[in-house]
1. Name every residue in the stretch 365-410 that is out of contact with any strand residue (DSSP E or B) (no Cβ under 9 Å at 6 or more places or on another chain) and of a type in the set (D, E, K, R), in order of residue number.
2. Pull up the stretch 200-216, narrow it to residues that are open to solvent by 90 Å² or more (accessible area, probe 1.4 Å) and at pLDDT below 85, then point me to the one that is nearest to G258 (Cα to Cα).
3. Can you name every residue in the stretch 46-67 that is surrounded by fewer than 18 Cβ atoms within 10 Å (Cβ to Cβ) and either assigned to a helix (DSSP H, G or I) or on the phi > 0 side of the Ramachandran plot (or both)?
4. Examine the stretch 191-199 for a residue that is closer than 21 Å to L306 by Cα, of a type in the set (A, V, I, L, M, F, W, C) and surrounded by 13 or more Cβ atoms within 10 Å (Cβ to Cβ), and state whether such a residue exists.
5. Here are some conditions: (1) modelled with pLDDT under 80; (2) among the small types (G, A, S); (3) in contact with an Asp or Glu (Cβ under 6 Å, 6 or more places away or on another chain); (4) surrounded by 14 or more Cβ atoms within 10 Å (Cβ to Cβ). G179 meets all but one. Which one does it not meet?
6. Just need a number here: residues in the stretch 259-291 that are outside any loop (DSSP other than H, G, I, E, B) and open to solvent by 30 Å² or more (accessible area, probe 1.4 Å).
7. Could you tell me how many of the residues in the stretch 243-283 are under 34 Å from the mean Cα position of the chain (by Cα) and more than 19 Å from D319 (Cα to Cα)?
Amino acid sequence: MWDVRRERVLFRHPGGDRDGPLPVLSPNDRFLAWCTHDGERLRVWDVVERRRVATEPPARTQRLLCRSDEPVFTPDNRALAAGTADGVVTWDFHAERGRPLLPMPGEGVNSVEFDPTGAYVLTWGSAGLALWRTDSPAPADGGPRRPLITFPVETPAVTDIRLDPREGVLRYREGSQAGVVRTLSLRGLISPVWRNKARTDAAFDAEGKPAEPAMRPAVRAVAADGTVLTAVSTRDGILVTRQGAHPVSHVVGRRSEGPAAIDPAGRTVVTAEGVLIDVATGGRRQGLQGEDLLPTAVFSPDGRYLAAADTQGRLTLWDAGGQHRIAVLAAADSTVERAALAFSADGSLLAASRADGSVRVWETASPRLEGANLPTGDGPVLAIGFTTGSRELHISTAHLPLRSAQLTPDRAAGEVCARAGGGATRAEWRRYLPDVPYRQTC
């Protein structure tokens with residue numbers, strides 16, 4: 001027997017399915033939901049008006065909600081959601097309709113946690129943790145909705161999942177008993193500047209500030225003084241334009257040739273076939289031997305390097321003349337169809353977007369070392385730009401125009417020290433590192 005008291009209101013419901021989920025109360029303490037004794041029928045009770053809310057979900061939706069271990073009310077008090085083998089199923093009992101399914105990959109969803117605003121939902125399943133926007137429209141290509149970002153979790157024992165949009169963090173308890181509390185930063189991903197209408201293109205200037213993108217299929221480059229250069233295929237060849245108060249244009253190349261990149265000085269265009277064309281003379285030379293067609297490429301601002309991403313997803317680093325391959329940074333099928341690429345101003349760093357929505361950063365002086373991976377979320381990256389001095393990497397995605405990733409070691413060390421409350425004491429050092437001379441770490 002279940003009793004719920006709110007002031008002088010008494011609701012009594014005998015029976016119930018002992019093996020099914022317990023009754024749940026809405027955040028405003030007004031609605032109570034449970035499943036009937038057969039475990040197949042959803043019931044919602046208005047505690048204030050002391051009446052049953054008329055709702056009749058489809059039979060399959062009722063079964064999924066009732067067989068879930070942890071059905072929950074949404075923060076707007078209008079719907080019930082549950083993690084199932086299909087993903088997150090949500091039934092709006094006010095509107096009498098289902099909300100879009102969130103198809104968690106793997107073997108389904110074990111638990112669901114909404115943030116207080118209802119804009120975000122966190123799911124936990126066999127594939128790990130995943131963060132979603134509840135108002136994201138269906139993809140234009142008709143494919144399934146995808147989470148903003150996923151976090152693989154090694155242990156199967158995860159409890160007390162909490163999403164804190166104000167601090168921009170995700171916390172959960174790891175371990176079956178006392179365990180430890182993990183904190184994952186969502187800085188920049190949970191943002192009040194979220195755009196409901198997805199953008200399809202973006203660009204940054206030479207200082208990493210948002211700029212007007214070139215109209216596709218044009219490619220662009222930005223000189224050190226901020227001058228924008230574009231190259232686009234026309235009926236007569238490739239039209240190269242130096243923009244500004246007095247634009248200057250040249251037509252180079254052959255009919256039907258498409259540009260993959262133009263260097264920031266406006267002297268060289270690389271075609272999708274890997275041909276390098278001298279803009280001043282029209283001279284041609286074949287480069288980037290062994291690559292497939294190139295949807296995109298980029299020259300380093302210092303004139304030393306050329307990075308190219310081909311249609312097979314292969315990312316390579318070349319000398320600026322395209323004659324010597326320095327390194328294969330990513331094998332085929334490991335990057336997106338049209339990768340976002342950017343060099344730092346001094347050419348020491350190269351950033352490239354990847355198929356999983358992340359960004360990887362390499363040091364061009366040691367390109368065979370694995371690059372640093374920066375998870376971003378919010379689908380494919382549209383543009384990347386380094387700030388002056390390469391202290392930050394700016395990233396633009398479909399719904400978030402600008403996010404920053406810190407690249408300076410001092411900044412990272414400072415954040416670690418702040419979280420730890422300072423460096424190790426001498427006593428802690430002797431305990432954990434007895435054979436290493438003590439030194440201050442913060």
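The values are calculated or read from the model by the stated rules, or taken from the named source; none is laboratory data. What you are looking at is a predicted structure, and each value in this text was computed from that prediction instead of being measured. Cβ: placed from backbone, ideal geometry, glycine included. Neighbour counts: every protein chain shown. The area values use the complete protein model at the heavy-atom level, side chains included, leaving out ligands, DNA and RNA. Shrake-Rupley method; radii C 1.70, N 1.55, O 1.52, S 1.80 Å.
1. D410 - this is the single residue of the stretch 365-410 that is out of contact with any strand residue (DSSP E or B) (no Cβ under 9 Å at 6 or more places or on another chain) and of a type in the set (D, E, K, R).
2. So, considering only residues that are open to solvent by 90 Å² or more (accessible area, probe 1.4 Å) and at pLDDT below 85, the one nearest to G258 (Cα to Cα) is R216.
3. Result: R50, A59, R60.
4. no
5. For G179, the exception is condition (3).
6. 4
7. Number satisfying all stated conditions: 3.
Residues are listed down the side, and each one gets a yes or a no for (1) open to solvent by less than 40 Å² (accessible area, probe 1.4 Å); (2) in a helix (DSSP H, G or I); (3) modelled with pLDDT of 85 or more; (4) not acidic (D, E):
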position: S396; (1), (2), (3), (4): yes, no, yes, yes
position: P401; (1), (2), (3), (4): no, no, no, yes
position: A412; (1), (2), (3), (4): no, yes, no, yes
position: V416; (1), (2), (3), (4): no, yes, no, yes
position: G423; (1), (2), (3), (4): yes, no, no, yes
position: W429; (1), (2), (3), (4): yes, yes, yes, yes
position: D435; (1), (2), (3), (4): no, no, yes, no
position: Y438; (1), (2), (3), (4): no, no, yes, yes
position: T441; (1), (2), (3), (4): no, no, no, yes
